[in-house]
Amino acid sequence: MKLPEIRFDERGLVPAIAQEATTGEVLMLAYMNMEAIEKTVESGKAHYFSRSRNRLWLKGETSGNFQEVESIHYDCDSDAILLKVRQTGPACHTGQRTCFFRRLYAGEKGHTQGPSVLTELYRVILERKRSSPEKSYVASLYEKGLSKIAEKIYEESGELISAAKNEGKREVIHELSDLWFHTMVLLGYRDIDIGEIFTELGRRFGTSGIEEKKSRKNKGGE
């Protein structure tokens, strides 16, 4: 495998960032040499080079927390690698989901933003699933069962439609957030990983999703 464009340092290494493919969450920073890249492409699992142990290593070789690689990219200067992966379990050796769990600075908008907020919210929802119903609203919904959860989704859907017709932007945002929250509670009830939703949405942007939509229209006589 020839990589003439990649600029390795004097040790033959290049920094490599692992990013969760479904959510965009940055998981870890490691280093790769030519062999690590070749092994990664060959196996479909992320391999890195350990500077401290001075050897190649397979991510998850001891923990079982492998990274299935969907694609590999390099930056405009050709001196950094980005791996889009599907992470099994936590990425960090501390047991945290990501190695970047410690915050150095937080500005006025330092709270979680973007698509990753859905992933973090879903983790909290699953944690609340094991809580006491007396202390957690989410746990109380799970205790009451699917009918109650479905009732809340129906209720929130109606409030969103009403807000869209009669209220301003702020109210629409609020009601849509309520609806998303309760649909995520439903996912937790059915033990559906939120990553599967991201995968399905991504598929619909692809050629297969577009063709499927056209096929359905043709079958319907449109």
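The calculated 222 nm mean residue ellipticity attributable to helices in the chain amounts to -14000 deg cm²/dmol, summing -39500 (n - 2.57) over DSSP H runs of n ≥ 4 and dividing by all residues. Taking trypsin sites (Lys or Arg not before Pro) across the stretch 123-206, the ones in a DSSP loop with at most 13 further Cβ atoms lying within 10 angstrom of their Cβ are ARG130, LYS135, ARG190. For Cα Rg over 2.2 N^0.38 Å, computed directly from the structure shown, the correct entry in [x] 1.28; [y] 1.16; [z] 1.32 is [x]. Modelled spin labels at SER162 and SER78, positioned 7 Å past Cα toward Cβ, are 6.1 nm from each other.
Restricting attention to the chain, close to 80% of DSSP beta bridges with both partner residues there are antiparallel.
Pairs with C-alpha atoms separated by more than 22 Å, drawn from the list LYS45/LYS84; LYS39/LYS84; LYS129/LYS169; LYS84/LYS129; LYS39/LYS59, are LYS129/LYS169; LYS84/LYS129. Ranking ILE149, ALA139, ILE197 by Cα position along the charge dipole of the stretch 116-210, where only Lys, Arg, Asp and Glu carry charges on their C-beta atoms, puts ILE197 farthest toward the positive end. Of the DSSP H helices in the chain, those that are both long (alpha-carbon extent of 15 Å or more along the helix axis) and hydrophobic (Kyte-Doolittle mean at least 0.0) are 116-128, 169-189, 194-205.
Using Cβ point charges alone (K and R +1, D and E -1), the dipole size of the chain about the Cα centre works out to roughly 320 debye. DSSP beta bridges confined to the stretch 14-87 are antiparallel in about 80 percent of cases. Which of rounded, prolate or oblate describes the stretch 116-210 when judged by the alpha-carbon gyration tensor and an a/c cut-off of 1.5? Oblate. The distance between label points at ARG170 and GLU143 comes to 3.4 nm (points 7 Å beyond Cα on the Cα→Cβ vector). Computed from the Cβ-Cβ distance with R0 of 35 Å, the FRET efficiency linking SER52 to ARG190 stands at 0.20.
We did not get these values from a lab; they are worked out from the coordinates using the rules stated. All values reported here derive from a predicted model rather than from experimental measurement. All Cβ positions, glycine included, derive from the backbone under ideal geometry; neighbour counts span all protein chains shown.
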